[in-house]
Every structure is written in structure tokens, then in C-alpha cells.
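One structure below.
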Amino acid sequence: VPVMREKKMTAILAIGQKVSGETFATEDINLFEVLSSQFAAALQRSKLYQETQLFNVKLQKEIEKATQDLKKLNVQLKEANEHLKQLDEAKSEFMSIASHQLRTPLAGIMGYLSMILSGDYGKITKEQIPVLKEIFDASQRLIRMVNLFLNVTRIEAGRFVMNYASVPFADVIDAMYKELKPTADKKNVKLVYKKITLPNVDADADKIKD
């Protein structure tokens, strides 16, 4: 008896000879045909179950493989992160050392230039004055840059400290104006500061200029 499923033969139900030796009657054949449809449904469910089991096994293997790959990736990321952390610490340490090493000679240069401009080492000519002032201004810019580097390293190391105090804000603006005016004049830029009454502010006078 053919086992049909969706108009396709999926199996054959083979019936052996009766023990009595009698031939199969029409009723027997009809019964087998009814059973074949039940058998076809059972066979289909068994096939689906087997496929599901195989899929589950495959899926479990894929999950295990993905889990192992993820663990390896996490280890690699952890190692890379640790390496980047070490590089960042080395960079911060280098910047801190370099900034401190630069700050000392720059402070000396500023001191000597200030003394020369004040006439402590003798009279200077009119031609020398603008050159010395330009060197003095350039040294100030370098010191501000070095201080900025130092502030960055202190922030990264968690050692950045703000020294707050009551500061006359008008004085801060006036000092910055006097510092920038020579550079503006040299570049033919009109820089004007009209003094007005301003309140004191709580700030770090050195860092607010940076």
C-alpha cells in the first residue's frame, strides 16, 4: 500500500502473507489504505522531529562556538585595552616630564629678558627694544603652552587643582589686553578695551588666563 503525503508517495506499506494462508479481502485492503494515511502523518511528524533534533544539535554547536569566539574576543579586547592604558600612562608621564623640563629654562629666559628690558644690564637701543619684546612675547606664549600641557597631564592623573580666590575680573581683562595689544598692533589689528566696572569673581587667576 503506498503511503501518500500531499499527493506524493513517501513510503510503501508492505503487508506480509496471512498466517492462515488466506488472501486479503477488500475490507483488509481498505483498512490498510486508511492506516497508510495515519502512517504518513506519523512518518512526517517523525521526520520533522528528527530534523528539529538535528537543528538543535547544530544550533547548540554554533552557540558554543560563538561563545568561545566571544570569550577569545573579550580576552583580546582586555589585553588591547590594558596595552592602550599603559601607552596612555607613558604618554602622560612623558608630557609631564617634558613640560617640567621646558618650564625651567623658559622661566629663566623670561627673567633675563625682563631684566634686559628694564635696563638692568645696561642701556638698550631703540632697534633692540622691539626684537626683545617679540622674544619676550614668544616666551610668554611658550610658557602658556607648557602650562596647558601640564594641566592636561594633571587632569588625566586626577591631580588637577583649582585655587579659587576673589579676583577683580577687570584686572584680568586688563592684563590680557596689555599682553595681546603689541601682537595686535604688529598685525595691524585694532584691539580696543573700554574699561567698565566689573565685580570680583571666584576663580583661579592663573588658569582663567589660559
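Under 16 Å of direct C-alpha separation, and excluding same-chain neighbours fewer than eight residues apart, residue 72 reaches these aspartates and glutamates: 62, 64, 82. In segment 59-187, Rg over Rh equals 1.31, where Rg is the alpha-carbon radius of gyration and Rh the Kirkwood radius from pairwise Cα distances. For the chain, find the longest principal axis of its Cα atoms and tell me its angle to the long axis of helix 128-157, 0 to 90°, nearest 10. Helix 128-157 and the main axis of the chain meet at about 30 degrees.
Dimensions of segment 79-147 based on its C-alpha atoms, expressed as ranges along the principal axes with the largest first, amount to 63, 17, 11 Å.
Here is the link list: 71/91; 58/78; 123/178; 133/190. Which ones come out longer than 22 Å on Cα distance?
Table pairs above 22 Å Cα-Cα are 71/91; 58/78; 123/178.
Between segment 25-62 and segment 64-111, how far is it from one alpha carbon centroid to the other, in angstrom? That distance is 64 Å.
On the accessible surface of the chain, probed at 1.4 Å, how many percent belong to carbon and sulfur atoms? Reported share for carbon and sulfur atoms: 60 percent.
Solvent exposure of the chain amounts to 79 Å² per residue of accessible area, where only protein heavy atoms count and the probe is 1.4 Å.
Segment 36-98 has equivalent-ellipsoid semi-axes of 59, 7, 4 Å, by the square roots of 5 times the alpha carbon gyration tensor eigenvalues, sorted largest first.
The C-alpha atoms of segment 1-128 occupy a region whose extents along the principal axes are 142, 28, 13 Å, arranged from largest to smallest.
For the chain, the longest principal axis of the Cα atoms and the long axis of helix 169-186 meet at an angle of about 80 degrees. So what's the angle, to the nearest 10 degrees on a 0 to 90 scale, between helix 26-117 and the longest Cα principal axis of the chain? Computed tilt is about 10 degrees.
The values are calculated or read from the model by the stated rules, or taken from the named source; none is laboratory data. Remember, predicted model here, so these are calculated numbers, not experimental data. For the accessible areas, the whole protein counts, side chains as well, though only heavy atoms, and no ligand, DNA or RNA atoms are used. Shrake-Rupley method; radii C 1.70, N 1.55, O 1.52, S 1.80 Å.
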